[in-house]
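This report concerns only the one structure given below.
The values are calculated or read from the model by the stated rules, or taken from the named source; none is laboratory data. What you see is a predicted model; the values in this text were computed from it and never measured. FYI the Cβ positions are ideal-geometry reconstructions off the backbone, even for glycines, and counts take in every protein chain you see. In case anyone asks, the SASA skips ligands and DNA or RNA and just uses the protein heavy atoms, side chains included. Shrake-Rupley method; radii C 1.70, N 1.55, O 1.52, S 1.80 Å.
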Amino acid sequence: MRVIVCENYEEMSEQAAKLVSSQLILKPESVLGLATGSTPIGLYQRLIENNKKGEIDFSQVTTFNLDEYYPIKRTNDQSYYYFMNEQLFSKVNINPENTYIPNGETKTPNDECANYEKLIKMHGGVDLQILGIGQNGHIGFNEPDANLNSKTHLTNLTENTIEANSRFFTSDEEVPRQALTMGISTILKSKKIILLASGANKSRVVSALLNDAINTSVPATMLKVHPDVVLICDKDAYTGVRLGVDIGGTEVKFAVVEGGKILYRSQFETEKDSADRFVEQIAEECNKIRKEYPIKTIGIGTPGTIKNGLVSASNLPFKSYPLGKRLKDYIDMPINIDNDANCAALGESEFGAGEKYENIIMVTLGTGVGGGIIIDNKICHGKYSMGEVGHIIIEAKNGLPCPCGQTGCWEQYASVTAFIRQAKTAALENTDSALYRIYKENGEKLNGKLIFAALDEGCPVAQKVFDEYIDWLVVGIKSLINIFGPDAIIIAGGITKQGERLVAPIRERVNNSDVAIEVSELQNDAGALGAAML
Ligand code: F6R
């Protein structure tokens, strides 16, 4: 099975439309097998456009639909007969006599099914079959069952399908309990098959389709025996259920992620003394979670550098520690490891404020300044580490010393720690200011929020500190923009709770309309979400 993973529903529909259009150009008298449901609507819209532009012609095309509810009147706006006319047939130059849909009005369903099989055969079989997939793995209405029917047949719909279909009907009683559907072998006899899947609610079944052996509980797995199947799905449908682990200096966070949503989360305190004990604890939690969720991959974000698989982090018991290898001793599944700031940037780029951009730099303001660089939607990696934006040198002479060994690093001026230090110095130099009073009242507890409280009082000293702090931030941000040319700089960290109050002056001083400056949407969840997506 060939798999094409698209960015979104639009791209999925576009890709499918290209393949169907090529089929009609190469063989104008093609027999198409068609599906209904919400998934192929975008494809049909594009086929209508291509037909209007004269790029494709339906005049010689014959179509066979996969299925129809039973019993149902053709005039019922929920019938597939009605759907196909609305969504495609009435809008292209197809001859209605060449469009076949099982008859939901028939009094003799078994004869109708046998006749439908004959008709398909008479037309030389289906050249290209379009399929959607049910959340329970059905194709057509071939529901999970120990015995799958091979030919077109009358079938009982499962509770799961009845519930999924109920969104289209006004009352529960109206939802049909049966359907006429092509069988598995009818579908497999098609020369080519395109299977479409879109949205996070399909990710479990897509994961099962790709990873499980052929089985009747996921009827779509039968497609694996066909030599020419293309699965075209969007990212949300493809990602599956993943586990992201965000290791931090104080706690380790676990998040079970499906299509950008966190289904489950847990956390425990970071073990500071023994790397081996720490790994055992992490593995135990991962394995516990795996018993509850069908996890496809595990991603780990860790502070520090990763050299040839060896992790070194100053605030953790990892000193040239083979983290991945040790975890593998306990967990038998793919594990990907990356730097935690890179993971946060990836999370933000996949599901947060960076979703609409391809190139972002995430700058996290906290004790230091962390960073992650995403170019073309991928983490930028150097030989060992990359994105240590806090350590770009912005003061060449008499720069402040940094624990990294350099002097003049950006984080010595632009971190929240630096902001507080700058405020304390200014307060002590201006003992008649509101900032000084607040400092006196709070002493070592002075934090970003309290400095903003002094600003609220209209304190000119606090204002000067803030303006200078923004200048330091802007110096680094401008350099990053010059080097990487990102679409957006996303700023994270507790201080961004100030929102536009912090970001607007940065934007104003960066003064570059090509680059968006935005606040992180995911904040503390970005790391685990990004780790899950590694
Ligand atoms: C429709 C059909 C079904 C749907 C499936 C997905 O003709 O045969 O198998 O393809 O139920 O439906 P949507 O696209 O609505 O999620």
The stretch 207-221, subset within 14 Å of the ligand (Cβ to nearest atom) and farther than 19 Å from MET12 by Cβ, residue most open to solvent (accessible area, probe 1.4 Å):
VAL218
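Looking at the stretch 413-421, can you tell me whether even one residue there is in contact (Cβ under 8 Å) with a residue 40 or more places away in the chain and open to solvent by 50 Å² or more (accessible area, probe 1.4 Å)? Give the steps one after another, and end with the answer.
Taking the stretch 413-421 and keeping what is in contact (Cβ under 8 Å) with a residue 40 or more places away in the chain, we get 413-419.
Retained after the next criterion (residues that are open to solvent by 50 Å² or more (accessible area, probe 1.4 Å)): 417.
Yes - at least one qualifying residue is present in the stretch 413-421.
Does THR239 qualify as being polar (S, T, N, Q) and either more than 17 Å from the chain's Cα centre (by Cα) or surrounded by fewer than 18 Cβ atoms within 10 Å (Cβ to Cβ) (or both)?
Working: polar (S, T, N, Q): yes; either more than 17 Å from the chain's Cα centre (by Cα) or surrounded by fewer than 18 Cβ atoms within 10 Å (Cβ to Cβ) (or both): no.
No.
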Which of the residues spanning the stretch 425-449 are closer than 23 Å to ILE506 by Cβ and open to solvent by 40 Å² or more (accessible area, probe 1.4 Å)?
THR425, ASN447, LYS449
Restricting to the stretch 471-504, name every residue that is small (Gly, Ala, Ser) and buried (at least 16 other Cβ atoms within 10 Å of the Cβ).
GLY476, ALA488, ALA492, GLY493
Can you find a residue that is touching a residue at least 12 places away in the same chain (Cβ under 8 Å), assigned to a helix (DSSP H, G or I) and not charged (D, E, K, R) anywhere in the stretch 512-521?
no
Find all pairs meeting these conditions: Cβ atoms under 6 angstrom apart; at least six residues apart or on different chains; first residue within the stretch 233-260 and assigned to a loop (DSSP other than H, G, I, E, B); second residue open to solvent by 10 Å² or more (accessible area, probe 1.4 Å) and charged (D, E, K, R).
GLY240/LYS296; GLY259/ASP236
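Checking the condition at pLDDT 90 or above and small (Gly, Ala, Ser), which residue from SER203, SER207, SER274 passes?
Working: SER203 fails: at pLDDT 90 or above; SER207 fails: at pLDDT 90 or above.
None of the other options fit; the residue is SER274.
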Being without any contact (Cβ under 8 Å) to a residue 24 or more places away in the chain, small (Gly, Ala, Ser) and over 24 Å from ALA237 (Cβ atoms) is the requirement here; does SER274 meet it?
no
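Being closer than 19 Å to VAL230 by Cα, in a helix (DSSP H, G or I) and either more than 13 Å from the ligand (Cβ to nearest atom) or in contact with a Leu (Cβ under 6 Å, 6 or more places away or on another chain) (or both) is true for just one of ALA16, ALA114. Which residue is that?
On the way: ALA114 fails: closer than 19 Å to VAL230 by Cα.
The unique qualifying residue is ALA16.
Could you tell me whether any residue of the stretch 92-103 is under 26 Å from ASN156 (Cβ atoms) and touching a residue at least 60 places away in the same chain (Cβ under 8 Å)?
The initial filter retains those residues of the stretch 92-103 that are under 26 Å from ASN156 (Cβ atoms), namely 100-103.
Okay, now just the ones that are also touching a residue at least 60 places away in the same chain (Cβ under 8 Å), so 102-103.
Yes, the conditions are met somewhere in the stretch 92-103.
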Answer yes or no: is there a residue in the stretch 187-206 that is buried (at least 21 other Cβ atoms within 10 Å of the Cβ), away from the ligand (no atom under 13 Å from the Cβ) and assigned to a loop (DSSP other than H, G, I, E, B).
yes
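A quick yes/no check of all residues on (1) surrounded by 15 or more Cβ atoms within 10 Å (Cβ to Cβ); (2) more than 16 Å from the ligand (Cβ to nearest atom); (3) of a type in the set (Lys, Arg); (4) not in a loop (DSSP other than H, G, I, E, B):
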position	(1), (2), (3), (4)
GLU11	yes, yes, no, yes
LEU32	yes, no, no, yes
LEU43	yes, no, no, yes
GLN60	no, yes, no, no
ASN93	no, yes, no, no
GLU105	yes, yes, no, no
Pairs only if they're at least six apart or on different chains, beta carbon under 9 angstrom, first in the stretch 134-163 and in the same structural domain as ILE184 (by TED's automatic domain parsing), second among the hydroxyl-bearing types (Ser, Thr, Tyr) and open to solvent by 60 Å² or more (accessible area, probe 1.4 Å); list them, first residue then second.
ASN136/SER217; GLY137/SER217; PRO144/SER217; ASP145/SER217; ALA146/SER217
Scanning the stretch 133-164 for residues that are out of contact with any helix residue (DSSP H, G or I) (no Cβ under 8 Å at 6 or more places or on another chain) and crowded, with 21+ Cβ neighbours inside 10 Å, which turns out farthest from LEU196 (Cα to Cα)?
THR155
Do we have ILE162 as in contact with an Asp or Glu (Cβ under 9 Å, 6 or more places away or on another chain), of a type outside the set (Gly, Ala, Ser) and part of a helix (DSSP H, G or I) here?
yes
Taking the criterion of being more than 15 Å from ILE56 (Cα to Cα), in contact with a Phe, Trp or Tyr (Cβ under 8 Å, 6 or more places away or on another chain), of a type in the set (A, V, I, L, M, F, W, C) and at pLDDT 95 or above, would at least one residue in the stretch 5-28 satisfy it?
no
